């Protein structure tokens with residue numbers, strides 16, 4: 001009987017490289033949006049083009065919860081924080097289609113009170129015209 005002094009690791013390295021390729025390929029399909037929002041559909045819209053300017057991302061979910069950079073924040077806390085945001089900052093807003101309109105108005109009121117006028121509302125492009 002032949003004695004084995006070492007283990008051949010080449011097949012193990014091959015398997016690991018294949019697994020690494022699979023992980024890297026599927027990782028590119030992962031959506032980084034942590035919030036699950038059902039954005040309203042629009043017919044006449046243009047694609048959002050991010051700028052190099054500073055940007056703040058706001059979202060309101062169906063329950064009316066406000067999120068700043070995907071972290072929940074109360075409207076009162078955001079009101080205090082909005083006073084510190086530079087008016088040249090782009091504000092990108094995503095609102096769930098089932099949100100109570102009063103929550104959107106409250107958010108826009110806070111932004112306008114602090115002279116934050118560079119607002120972009122994100123929507124989904126409608127695939128079929130509504131009747």
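Is it true that residue 118 is surrounded by 12 or more Cβ atoms within 10 Å (Cβ to Cβ) and at negative phi?
Answer is yes for this residue.
Which pairs do you get when a residue that is under 18 Å from residue 63 (Cα atoms), found in region 16-44, comes within reach of a residue that is at pLDDT below 85, reach meaning Cβ atoms under 6 angstrom, with the pair 6+ apart or on two chains?
39/123; 39/124; 40/123
Of the residues that sit in region 71-98 and are under 23 Å from residue 47 (Cβ atoms) and assigned to a loop (DSSP other than H, G, I, E, B), which one is farthest from the chain's Cα centre (by Cα)? Before the answer, list the steps.
To start, the set of residues in region 71-98 that are under 23 Å from residue 47 (Cβ atoms) comprises 88-97.
Now narrow it down to the ones that are assigned to a loop (DSSP other than H, G, I, E, B): 88-89, 96-97.
Values: 88: 21, 89: 17, 96: 13, 97: 16 Å.
Per the criteria, the residue is 88.
Is there a residue being touching a helix residue (DSSP H, G or I) at 6+ places or on another chain (Cβ under 8 Å) and outside any loop (DSSP other than H, G, I, E, B) anywhere in region 41-56? Steps first, answer last, please.
Pass one, region 41-56, residues touching a helix residue (DSSP H, G or I) at 6+ places or on another chain (Cβ under 8 Å): none.
The answer is no, given that none of the residues of region 41-56 is touching a helix residue (DSSP H, G or I) at 6+ places or on another chain (Cβ under 8 Å) and outside any loop (DSSP other than H, G, I, E, B).
All but one of (1) assigned to a loop (DSSP other than H, G, I, E, B); (2) modelled with pLDDT under 90 hold for residue 115, so report the exception by its number.
(2)
For every residue, the table says whether it meets (1) modelled with pLDDT of 75 or more; (2) surrounded by 10 or more Cβ atoms within 10 Å (Cβ to Cβ); (3) touching a strand residue (DSSP E or B) at 6+ places or on another chain (Cβ under 7 Å); (4) within 21 Å of residue 91 (Cα to Cα).
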site	(1), (2), (3), (4)
11	yes, no, no, no
20	yes, yes, no, no
30	no, no, no, no
41	yes, yes, yes, yes
46	no, no, no, yes
49	no, no, no, yes
60	yes, yes, yes, yes
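Go through (1) more than 17 Å from residue 54 (Cα to Cα); (2) assigned to a helix (DSSP H, G or I); (3) out of contact with any strand residue (DSSP E or B) (no Cβ under 6 Å at 6 or more places or on another chain) for residue 104 and report which single condition fails.
The failed condition is (3).
The values are calculated or read from the model by the stated rules, or taken from the named source; none is laboratory data. Computed from a predicted model, the values in this text were never measured in an experiment. Reconstructed Cβ throughout: ideal geometry from the backbone, glycine too, with neighbour counts over all protein chains shown.
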